[in-house]
Amino acid sequence: MATSQTLIGVTACNEQLGLHPFNVVGVKYLSGITDGAGCWPLLIPSLGVETPVAAILERLDGLMVTGSPSNVEPHHYQGPASDPGTKHDAQRDATTLALIRQAVEAGVPLLCICRGFQEMNVAFGGSLHQKLHETGRFMEHREDRSQSLTVQYGLAHTVTLEPGGLLFDVWGRSSAEVNSVHTQGVDRLASGLRPEAYAPDGLIEAVSVKDASNFALGVQFHPEWEVTKHAFYLSIFKAFGEACQHRAQTRVR
């Protein structure tokens with residue numbers, strides 16, 4: 001059951017629907033917070049550089065940075081230009097990169113998923129592979145879009161968890177099965193981040209912030225998908241929710 005007094009900000013994406021621009025959030029992320037973390041989600045619009053980041057974080061008990069169909073613009077990590085037609089969201093970049101850094105500084109519990117995981121790496125100075133499947137180094141991490149969502153988000157491979165890490169402590173085991181629905185991934189890991197999990201091909205699948213004073217985890221996979229049906233996914237959201245609820249009980253309102 002959601003605890004409405006514990007409020008988690010959820011980052012939105014810019015989408016053109018018909019003739020009108022919208023800020024949108026996938027329902028699965030909202031369900032992850034209500035059903036998995038036991039908290040209540042509040043949408044944070046991605047409006048760009050004028051976002052009052054400090055004022056937003058002061059009013060939140062946690063922050064979740066979502067996945068998205070768009071990719072981080074490569075100039076943020078000194079990468080080569082994206083291929084023509086690549087979907088970007090410059091206003092989201094301008095919003096989330098600042099939110100991630102300042103959330104950690106302010107001790108706001110943070111969970112970053114898929115694009116959010118990649119944004120976490122970029123926010124702290126890391127870089128990305130834009131097309132894992134073209135590097136010749138990694139297994140296929142993309143979903144088969146001709147299949148149903150159940151198949152696309154089904155369990156795809158094992159991740160090995162780093163002993164002593166945040167994710168290992170949350171799950172209590174050395175491995176777990178996860179879905180795989182991404183094209184990009186970590187190239188150079190930011191120096192302030194700690195690897196938390198690896199795919200069988202060596203790709204980093206989860207990170208935490210080394211010196212964070214509170215929960216600060218990023219995952220490349222999608223634990224919000226049918227969160228109550230997967231014990232590993234649920235363990236992540238429960239730990240995140242507990243950190244957010246603790247902040248709700250202790251922060252000055």
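Relative contact order of the chain, please, whole-number percent, based on alpha carbon pairs below 8 angstrom and at least 6 residues apart.
22
Okay, helix-only estimate at 222 nm for the chain: each DSSP H run of n ≥ 4 adds -39500 (n - 2.57), divide by all residues, round to 500 deg cm²/dmol; what do you get?
-7500 deg cm²/dmol
Can you give me the accessible area per residue for the stretch 24-128, using a 1.4 Å probe, in Å²?
37
Order 218-227, 93-102 from most to least packed using the mean count of other Cβ atoms within 10 Å. Walk me through the intermediate numbers first.
Working: 218-227: 26.1, 93-102: 21.7.
Top of the packing list down: 218-227, 93-102.
Which net charge results for the neighbourhood of ALA37, defined as the other residues with beta-carbon distances under 9 angstrom from its beta-carbon, given Lys and Arg at +1 and Asp and Glu at -1? Show your work: numbers first, answer last.
Numbers: positive: LYS238; negative: ASP35, GLU242.
Surrounding charge for ALA37 is -1.
What FRET efficiency comes out for ARG137 versus GLU58 if R0 is 35 angstrom and r is the Cβ-Cβ distance? Round to the nearest 0.05.
It comes to 0.25.
Modelling each spin label as a point 7 Å along the Cα-to-Cβ direction, I'd like the THR86/LYS238 distance in nm, to one decimal.
3.9
What share of the DSSP beta bridges in the chain is antiparallel, in percent to the nearest 5?
Roughly 55 percent of the DSSP beta bridges within the chain come out antiparallel.
Please give the Cα centre distance for the stretch 1-74 versus the stretch 187-238, rounded to the nearest Å.
Centre-to-centre (Cα) distance: 18 Å.
Please compute the modelled spin-label separation between ARG101 and GLU15, points set 7 Å along Cα→Cβ, answer in nm with one decimal.
2.9
Given labels modelled 7 Å from the Cα in the Cβ direction, how far is it in nm from ASP35 to GLU177?
1.9
Relative to the present Cα-Cα distance, how much length would full extension add between SER148 and GLU50 at 0.36 nm per residue of separation?
Residue separation times 0.36 nm, minus the Cα-Cα distance, leaves 31.4 nm.
The values are calculated or read from the model by the stated rules, or taken from the named source; none is laboratory data. Keep in mind that this is a model prediction, so the values were computed, not measured. Positions of Cβ are generated from backbone atoms using ideal geometry, with glycine treated the same way; all protein chains shown enter the neighbour counts. In case anyone asks, the SASA skips ligands and DNA or RNA and just uses the protein heavy atoms, side chains included. Shrake-Rupley method; radii C 1.70, N 1.55, O 1.52, S 1.80 Å.
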